[in-house]
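Trainee: Got a structure for you, written out below as structure tokens; questions coming shortly.
The values are calculated or read from the model by the stated rules, or taken from the named source; none is laboratory data. Computed from a predicted structure; not experimentally measured. Backbone-built Cβ (ideal geometry, glycine too); neighbour counts: all protein chains shown. What goes into the accessible areas is simple: the full protein's heavy atoms, side chains included, and nothing from ligands, DNA or RNA. Shrake-Rupley method; radii C 1.70, N 1.55, O 1.52, S 1.80 Å.
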Amino acid sequence: MFFAYLKRGLLAGGVAGIAYGLFMATVANPLVGYLEHVQHGHSHAPDGGSVVAESTTAIVSVGGGLLWALFLGGCFGIALYFLEPALPGRGAAKGFVLAASGFLTISVTPWLVLPPFAPGAEQVLGIDTRFALYAGLVALGGLIAASSVLAYNRVEPQSRGLAVVAGALPVVTAVAVLPTVSPTLVSHPELSADLVAAYRAMVVLSQGSIWVLIAAAFGWLQRRNGVETTVSETAGTTT
Amino acid sequence: MTSQSDTVADRIETARAEIAPTTALAIFGFGVAITFTLLLLQEPLAHESLHNFRHAAGIVCH
């Protein structure tokens, strides 16, 4: 049963990865390239020129997008196997709750303090500090997601509407409070505010879409195969 | 007991029965090996090649 979930998660990740790879190839690559050329002097190489050819960067980034979704899909499958009984909702809805929790944990919560940045961004903090901060924010995101689910489960027997409010409370609080208390750590001196906003929206929507696609593909695969029960699998292995 | 009524503890129990410790160790070891290789490749070519992706995915390191 564990491997069935892992396999399904990887398949779902593959579906999302193909979509995200296409997105990288058609939207993100040209946009990042454009933003780079608009601003002079942005480069990672010390001597001002890029180490790797742009076409290589484009191809590897498409592959990276595919692998990223594949990785998320695998993690999603494993996490769903263990957490499914504790998640609210029934059937495929559980998958969407987990996808939302994953998105909140590894993307949204870190972004509330360290927003996604375009090439040429000026950073207040060094890389090491940012990594540590990122790790801390991922842990915080996990706590927020877990408390949200626990709050929902606790209130659910009394009232479903109230449970939705209780579950949304930790998330809404975090999204409202974190950006206001954290200082501005990333700025784009050479880009217009509108362009930066559009860029960030693109990043948020594309990452969110990966999770939605994974949950949807996973749910579809599960319906197609028929839901296996713990009992029949255990009985099959023990007898 | 159906999959709707079991608990997280049941799932962990099932996984334990289903996956031998050596298998788990092998999978874990392989995962660590892959991560190690990736970290080894990280500087600087592979890292630089993933430049567009890192920006698009909103991943912190830069």
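Trainee: D for region B:8-57, whole µm²/s, Stokes-Einstein with Kirkwood Rh over alpha-carbon pairs at 10 °C and 1.306 mPa s: what number? Walk me through the intermediate numbers first.
Mentor: On the way: Rh = 13.5 Å.
Rounded, D is 117 µm²/s.
Trainee: Extent of region A:67-118 along each principal axis, from alpha carbon coordinates, in Å, largest to smallest?
Mentor: So the three principal-axis extents are 38, 24, 15 Å.
Trainee: Which three semi-axes in whole Å describe the equivalent ellipsoid of the protein assembly as shown, each the square root of 5 times a Cα gyration tensor eigenvalue, listed largest first? Numbers along the way, then the final one.
Mentor: Values: eigenvalues 269, 115, 55 Å².
The answer is 37, 24, 17 Å, longest axis first.
Trainee: When only Cα pairs under 8 Å and 6 or more residues apart are kept, what is the percent relative contact order across chain A?
Mentor: Details: 252 pairs, mean separation 71.7, N = 239.
That works out to 30 percent.
Trainee: Per residue, how much accessible area does chain A show when a 1.4 Å probe rolls over the protein heavy atoms, in square angstrom?
Mentor: So chain A comes to 50 Å² accessible per residue, rounded to a whole number.
Trainee: Then there's this: Angle between the Cα long axis of helix A:54-83 and the longest principal axis of chain A, 0 to 90 degrees, nearest 10?
Mentor: Tilt relative to chain A: about 20 degrees.
Trainee: Leaving out ligands, DNA and RNA, calculate the buried accessible area for the pair A and B with a 1.4 Å probe, summed over both sides, in Å² to the nearest 100.
Mentor: Heavy-atom accessible area buried at this interface is about 3600 Å².
Trainee: Looking at A:F76, A:P179, A:T56, which one has the Cα that reaches farthest to the positive end of the dipole of chain A (charges on Cβ: Lys, Arg +1; Asp, Glu -1)?
Mentor: A:F76
Trainee: Continuing with the same structure: Would you work out which of A:G13, A:L66, A:Q207 lies farthest towards the positive end of the dipole of chain A? Charges go on Cβ: Lys and Arg +1, Asp and Glu -1.
Mentor: A:G13
Trainee: With springs only between Cα atoms under 10 Å, which of A:Y199, A:Y81, A:Y34 fluctuates most in a Gaussian network model of chain A?
Mentor: Most flexible of the set in this elastic network: A:Y34.
Trainee: So, one more: Over all residues in A:116-122, what is the mean tally of Cβ atoms on other chains that come within 10 Å of each residue's Cβ?
Mentor: For this peptide, the per-residue mean of nearby foreign Cβ atoms is 3.
Trainee: Specify the angular offset, from 0 to 90 degrees and rounded to the nearest 10, of the alpha carbon long axis of helix A:127-155 from the longest principal axis of the alpha carbons in chain A.
Mentor: 30 degrees
Trainee: Now a separate question. Given only helices, namely DSSP H runs of n ≥ 4 each adding -39500 (n - 2.57), what is the per-residue ellipticity at 222 nm of chain A, to the nearest 500 deg cm²/dmol? Write out the running numbers ahead of the final one.
Mentor: Numbers: 9 runs with 172 residues, N = 239.
When only DSSP H runs of four or more count, the value is -24500 deg cm²/dmol.
Trainee: Let me know the mean shielding of B:7-19 by other chains, meaning the per-residue number of their Cβ atoms within 10 Å of its Cβ.
Mentor: What the average comes to for B:7-19 is 5.
Trainee: Pairing the Cα long axis of helix A:92-103 with the longest principal axis of chain A, what angle in degrees results, from 0 to 90 and rounded to the nearest 10?
Mentor: 30 degrees
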